[in-house]
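Notes for the one structure printed next.
None of the figures in this text is laboratory data; all of them are computed from the coordinates on show. Small disclaimer: the values here were computed from a predicted structure and weren't measured. In this analysis, Cβ positions are derived from the backbone assuming ideal geometry, glycine residues included, and neighbour counts consider all displayed protein chains.
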Amino acid sequence: MLVDDAQAIASRWMADLDLTTLIRERLRESTMPEGRVDLVAIGKASPEMAHAARTVLAGRVRREILVCDDAALRGVSVDNALVGEHPVPGEGSLHAGRAVVSFLESADHADATLFLISGGASSLCVLPAPPLTLDDLDEIWRAALRAGVDITTLNQIRATTSLIAGGVLLRYVRTKLTKSLVLVDNVVSGAPWVASAMTYDYSPTGDEVNTLWAKIDVDASLRLKLLAAFEERSRVMASRPSPIHENVVVGEPAMMLSSAIEEASQRGYRVVDMGARVIGDVGSVAHEWGKVVVNASEQTAVIGVGEVTVQVEGSGVGGRCQEFAWLMAKELNGGSRHSAFVARTSDGRDYVEGVAGAWVMNDTMARLDEVGFDWLTVAQAHDTYPALRALGQLIKGGHTGWNLCDVYVALVD
């Protein structure tokens with residue numbers, strides 16, 4: 001079945017990539033001193049990254065602290081793990097932020113600090129500069145979602161008022177050397193903006209932050225609080241970090257793309273490579289992909305990785321991959337040849353728990369009457385999850401231990 005091929009192509013990277021191997025290679029390639037290491041893992045993939053690092057460092061880890069989401073801990077036994085909230089920070093996130101700062105400031109007898117950074121850290125571990133509160137962070141996130149800004153812009157907005165993000169975290173380190181191994185999920189700007197540039201210095205001017213804040217619609221009182229928080233953060237950033245620091249990419253979306261292309265070629269498809277930076281409004285991207293699929297002249301696989309943008313209004317339930325798949329159902333509709341489209345996340349959660357993504361075929365639109373849904377109504381309400389569930393076209397999800405980006409595969413037979 002065509003959709004089985006598409007799912008196999010979209011999942012090939014999971015068999016090809018191994019975190020322990022990647023971390024061993026990156027530590028060998030860069031400067032990591034012999035001696036005792038403090039380990040700080042923050043993000044959705046932190047339990048797996050920390051396990052891999054402990055394996056590679058072979059007993060050199062002196063202390064460690066982990067911050068992740070609750071999904072990452074299900075069925076996994078991890079000591080010293082703190083659970084934050086995602087995608088909107090909560091009390092757990094705030095507690096984690098304070099705990100990480102305390103951990104770094106109390107370093108004793110360690111020779112180096114190793115950060116393991118993966119996506120989701122911007123929400124899972126927070127320390128807003130006063131006078132900002134958790135409620136303010138919630139409103140900023142919702143305003144960004146309404147505005148449809150890309151993830152880099154959102155992370156920049158977050159960093160402007162954070163006492164962790166944008167390199168502030170390095171100001172608390174007490175060891176002489178630090179290194180960050182970064183698992184990249186940001187296809188717009190790469191490693192520097194994973195986790196809101198947690199271990200990359202970011203010192204915007206007042207004009208630059210005003211330009212950023214203008215992209216989201218928040219009220220005047222919140223803008224005043226943003227300004228005060230930015231000034232507090234700038235005061236902290238004025239001090240230079242004491243350790244010698246290095247950022248190293250441990251894994252990135254292009255690796256997923258390479259695996260998918262290899263699998264498609266082995267299955268006999270002519271590959272159209274859409275690249276490792278599939279971004280932009282989901283409707284525009286779906287239309288672009290639809291034209292490529294319609295014009296395919298032979299057995300073809302259209303493959304790309306990235307993160308499309310969904311501008312959400314209303315109370316519909318769904319995720320980025322489900323939205324992309326739903327729009328592709330219309331693009332594939334009525335074609336004279338069999339076609340299928342799969343969109344799936346790398347972390348195993350497409351906003352809805354237990355859902356990793358979705359798939360559609362050229363006959364999906366014709367089946368909607370059977371399940372009682374109207375395509376346009378669902379699209380306008382961004383309520384894709386109930387419709388795709390009724391169709392039986394959701395991809396089962398669960399924590400994968402990775403956080404890269406999404407994989408998109410369209411096949412034409």
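Each of Met198, Ile140, Thr211 was scored by the projection of its Cα onto the charge dipole of region 31-251, and the greatest displacement toward the positive side belongs to Met198; charges sit on the C-beta of Lys, Arg, Asp and Glu.
With the simple model of a label 7 Å out from the Cα in the direction of the Cβ, Met14 to Val317 spans 2.3 nm. Taking 7 Å steps out from each Cα toward its Cβ at Val248 and Leu134 produces label points 3.6 nm apart.
Mean separation of Cα pairs under 8 Å and 6 or more residues apart, divided by the residue count, gives the chain a relative contact order of 17 percent.
Between Arg142 and Asn80, the FRET efficiency from the beta-carbon distance, with R0 = 41 Å, is close to 0.80. Whole-Hz Karplus values for region 258-275 come out as 4, 5, 5, 5, 5, 5, 5, 5, 5, 8, x, 8, 6, 9, 9, 8, 8, x Hz, taken residue by residue from phi with 6.51 cos²θ - 1.76 cosθ + 1.60 and θ = phi - 60°; glycine and proline positions read x. For Arg277, the residues whose amide H sits under 5 Å from its own are Val305, ignoring neighbours fewer than 5 places away on the same chain, with H placed 1.01 Å from N.
Comparing Glu208, Glu139, Glu48 in a Gaussian network model of the chain (Cα springs below 10 Å), the most mobile by mean-square fluctuation is Glu208.
A dipole drawn for region 225-315 from +1 and -1 charges on Cβ atoms has a positive end, and of Ala260, Ala276, Gln311 the residue lying farthest that way is Gln311. Tell me which label goes with the value of semi-axes √(5λ) of the Cα gyration tensor in Å computed from the coordinates here: (i) 42, 24, 18; (ii) 38, 25, 17; (iii) 41, 32, 22. Given (i) 42, 24, 18; (ii) 38, 25, 17; (iii) 41, 32, 22, the calculated one carries the label (ii). Give me the aspartates and glutamates in straight-line cross-link reach of Lys291: C-alpha distance below 19 Å, same-chain residues under 8 apart excluded. Answer for Lys291, where 19 Å is the Cα cut-off: Asp273, Asp281, Glu323, Glu331, Asp363, Asp413, listed by chain and number.
Each of the peptides 312-322, 372-382, 241-251 was scored by the mean count of other Cβ atoms within 10 Å over its residues; in descending order, highest first, they stand as 312-322, 241-251, 372-382. On full extension, the segment bounded by His109 and Val236 gains 43.2 nm, given 0.36 nm per residue less the C-alpha separation. Near Asp350, the amide H atoms lying under 5 Å from its own belong to Val355, Ala356, Gly357; only residues 5 or more places off or on other chains count, and H is placed 1.01 Å from N. Positive-end ranking of Ala343, Ser239, Ala329 along the dipole of the chain, with charges on Cβ about the Cα centre, is headed by Ser239.
What length, rounded to one decimal in nm, is gained on full extension from Ser284 through to Glu208, with 0.36 nm per residue of separation minus their alpha-carbon distance? Don't jump to the answer; show the numbers that get you there.
Working: separation 76, 0.36 × 76 = 27.36 nm, distance 2.82 nm.
Gain on stretching Ser284 to Glu208: 24.5 nm.
Assuming charge only on the beta carbon of Lys and Arg (+1) and of Asp and Glu (-1), the dipole of region 31-251 about its Cα centre is about 500 debye to the nearest 20. When the helices of the chain are scored as -39500 (n - 2.57) per DSSP H run of n ≥ 4 and the total is divided over every residue, the value at 222 nm lands at -12000 deg cm²/dmol.
Charges only on Cβ, +1 for Lys and Arg, -1 for Asp and Glu: so what's the dipole of the chain about the Cα centre, in debye to the nearest 20? If you can, show how the numbers build up before the last one.
Working: 37 positive and 53 negative charges, 210 e Å.
The dipole of the chain has a size of about 1020 debye.
Amide hydrogen proximity for Asn247: with H placed 1.01 Å from N in the peptide plane, the residues at 5 or more positions away or on another chain lying under 5 Å are Ser180.
Once the C-beta distance of Glu91 and Ala366 is scaled by a Förster radius of 45 Å, the resulting FRET efficiency is 0.40 to the nearest 0.05.
Backbone geometry of region 161-178 corresponds, through the Karplus equation with coefficients 6.51, -1.76 and 1.60 at θ = phi - 60°, to 3J(HN,Hα) couplings of 10, 9, 9, 10, 6, x, x, 4, 3, 5, 5, 9, 6, 10, 7, 6, 10, 9 Hz, x marking Gly and Pro. For every other residue with a beta carbon closer than 11 angstrom to the beta carbon of Gly280, add +1 if it is Lys or Arg and -1 if Asp or Glu, then tell me the sum. Neighbourhood net charge equals -3.
So which of Lys176/Lys225; Lys44/Lys179; Lys44/Lys396 end up more than 25 Å apart by C-alpha? Those over the limit are Lys176/Lys225.
If we sort 189-196, 85-92, 404-411 on the protection proxy, mean other Cβ atoms within 10 Å, highest first, what's the order?
Numbers: 189-196: 24.2, 85-92: 17.9, 404-411: 28.2.
Top to bottom by mean Cβ count within 10 Å: 404-411, 189-196, 85-92.
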